[in-house]
Amino acid sequence: MNHSLLMAILLLSPFVGFLINGLRWRKNGPNLAGGIATVAIFISFICSVLLFVDLVSMPQEARRIAVTFFEWIAVDRLKIGAGFVVDPISAIMILVITGVGTLIHLFSVSYMHHDKGVAKYFAYLNLFVFNMLILVLGDSLVTMFVGWEGVGLCSYLLIGFWFTDREKAAAGMKAFITNRIGDAAFLLGMFVLFMTFGTLNLHELNELAPTVAEGSWLGAATLGTLLLFIGATGKSAQIPLYVWLPDAMAGPTPVSALIHAATMVTAGVYMIVRLNAMFIAAPNTMMVIAVIGAATAVFAATIGMTQWDIKKVLAYSTVSQLGYMFLAAGVGAFGAAMFHLMTHAFFKALMFLGSGSVIHAMHEEQDIRKMGALKKYMPITHFTFFLGWLAIIGMPPFAGFFSKDLILEKAFASPLGHPLLWAAGVLGAVMTAFYMTRLMALTFWGKSRVPKEVHPHESPWLMTIPLIVLGFLSVVGGWIGIPHVISAILPGHPANILGDWLAPMLKVPLSDAHHHLDAATEWTLMGISVVLAAISAAVAYQFYVRSPETPDKIAKALGPVYQLVSKKYLIDELYFGAVINPLIRLSKNLWHHVDVNFIDKITYVLGDLVRGGGSLVRTLQTGNMQLYAMYVGLGLVAILSFVLMR
């Protein structure tokens, strides 16, 4: 099929779904609205598969399908077309976005069935996917930024979907404003790169990237990429702009699965991978990315260990897992970052939808202290959630094991890596195993703490089918990235298919092109992370199933430390006290002293002067002809007197 037509259908199908449901949101019922939205995304998925198949059939060095529909901006040197590209990097993204997106839409049909605004909800979901596709397919930073802002708008609409609840509306506003801070830096980064390289086309920027690494913090590549990374910390919820994502759980649960597992929050990682040659030229930026990623992975994991809301635990897990992706990108392991992005989309979408199934069964209860022993009531949800749990804690042969192991290996051995970064990654993995086992134990295992008036039950098939598919992907999704040391003992299985697929698109750090760990070191690193994670999971099981009184004793022993962590280190309070409230006070003072007492008073005085002058002139126009004749006479006398005196 014609590539231009496929690309157009891929992009426009969700937009058409948005228009149909958006214009008829008061008329379309849940089944019709959900059916339209799901079919729209599924059509995009079919187009993604067809484009991917065409890409596979091309020679490795020529795998690039570029389509430009029209010239969009032409101002002096700035030439931007409505251009979109499918290549090995964006092909992975569109398959994940549309594939996982279709499953989430299908889940939503049943989950949102009784909501009054269901058609509007599906319209927003379709619009979100449309903007995400623009973001990942755009061939320039400007086109990417259109999708970047579009998903920001849709996240605001979806997080604050139940806007009549002030807390939920505030969560949507928090996400919107926090992302605007990062987006301002993103724009500045675009300006720096354009002023230096004369283009914002992604392919051209990579081609023009300096071949010698910049040592200065003020170099164009360093400054531009640093500013872009600040934008990524907003969109992908990294320190210091991560605070919006946990509150984003205020939206419907499928929204969390779509935005915070498979699409929007991965945009920052995708942007860095897409501009990998430019980032490699800026080792200072790479160091910052790696450190921020490692710090976020550990920091968010500590908070996840103390949360009681099932969705909040998963939210901090998402922040932590995104930290791993940035850690990989920061040490130059761009392929590992994309690998974990993909596997995370599978198991985290599964766990968010699984939590939605639990919340549905528990009549909207989200506190895991009021759950327990749900395994016997919800066997399908439990089994699929169990698969996601094994994947996220990194147990072989589940998807998360292969991608997490590759990140830790690169953090240890890459020229841009460091043993401390590896240690931080292992620590994060150990804590992930603990708090995810804690979540499993308190929700599905142990003794039931379900209130008597609540009667848990398995979810309908429209909700369980997506769970089963995502559970399957959480098992096998990592097999396309099996490392060489493992493939060597698996006859007939090729090693790291994904790495070979992405290799032509990715630049590697200097001296890393032929760098490989010996087999013994690789096995040792794998063994350390897996064994420590298994021990951590076993400890959590002991604490929350066999000896449930132990965690309370430990929490009391830790005292203020535990309280600080459970209150999320009071970061929100710090931001309010040190940044937001002072800005509000400053704004009020500027309004009172500058706007009201200075600018307004000046306008009042000027207005009074004009009005007084008008009143004075008005007295000259009376309509009395005799008075006008006198004015004329006086004027003549004055003129004659002036002339004669000269």
Being in a helix (DSSP H, G or I) and surrounded by fewer than 21 Cβ atoms within 10 Å (Cβ to Cβ) is the filter here, so list the residues in segment 1-10 that pass it. His3, Ser4, Leu5, Leu6, Ala8, Ile9
Report those helices (runs of 4 or more DSSP H) wholly inside segment 570-646 carrying at least 1 residues which are in contact (Cβ under 8 Å) with a residue 24 or more places away in the chain and farther than 30 Å from Trp244 by Cα. none
Show the residue pairs meeting these rules: Cβ distance below 7 Å; 6+ apart or different chains; first residue within segment 474-488 and closer than 17 Å to Leu103 by Cα; second residue of a type in the set (S, T, N, Q) and in a helix (DSSP H, G or I). Gly477/Thr343
Looking only at segment 184-214, and only at residues there that are outside any helix (DSSP H, G or I) and out of contact with any Ser or Thr (no Cβ under 9 Å at 6 or more places or on another chain), the one that is surrounded by the most Cβ atoms within 10 Å (Cβ to Cβ): Ala209
Filter segment 508-524 for residues that are modelled with pLDDT of 80 or more and surrounded by 19 or more Cβ atoms within 10 Å (Cβ to Cβ) and give the result. Glu522
With respect to the numbered conditions (1) under 20 Å from Leu158 (Cβ atoms); (2) crowded, with 19+ Cβ neighbours inside 10 Å; (3) in contact (Cβ under 8 Å) with a residue 40 or more places away in the chain, which one is the sole condition not fulfilled by Ser90? (1)
So, Asp247, is that one assigned to a helix (DSSP H, G or I), outside the structural domain of Glu71 (by TED's automatic domain parsing), within 30 Å of His114 (Cβ to Cβ) and of a type in the set (Asp, Glu) or not? yes
Residue hits (segment 261-286; touching a Phe, Trp or Tyr at 6+ places or on another chain (Cβ under 7 Å) and of a type outside the set (S, T, N, Q)) are Ala261, Ala267, Val269, Ile272, Val273, Met286
Counting only residues in segment 35-46 that are touching a residue at least 40 places away in the same chain (Cβ under 8 Å) and over 24 Å from the mean Cα position of the chain (by Cα), the one surrounded by the most Cβ atoms within 10 Å (Cβ to Cβ) is identified as Ile36
With (1) assigned to a strand (DSSP E or B); (2) within 22 Å of Met342 (Cα to Cα); (3) in contact with a Phe, Trp or Tyr (Cβ under 9 Å, 6 or more places away or on another chain) as the list, and Val85 as the residue in question, which single condition is left unmet? (3)
Quick one: which helices (runs of 4 or more DSSP H) sit completely within segment 264-307 and have at least 3 residues that are not hydrophobic (A, V, I, L, M, F, W, C)? 267-274, 283-304
Could you grab me the full set of residues in segment 449-483 that are closer than 25 Å to Pro88 by Cβ and exposed (fewer than 14 other Cβ atoms within 10 Å of the Cβ)? Val476
Can you find a residue in segment 277-290 that is touching a Lys or Arg at 6+ places or on another chain (Cβ under 7 Å) and in contact (Cβ under 8 Å) with a residue 40 or more places away in the chain? yes
Every residue from segment 117-175 that is outside any helix (DSSP H, G or I), small (Gly, Ala, Ser) and within 19 Å of Phe84 (Cβ to Cβ): Gly138, Ser140
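The values are calculated or read from the model by the stated rules, or taken from the named source; none is laboratory data. Fair warning: this is a prediction, and the values are worked out from it, not measured in the lab. Cβ sites come from the backbone with ideal geometry, for glycine too, and all protein chains shown count toward neighbours.
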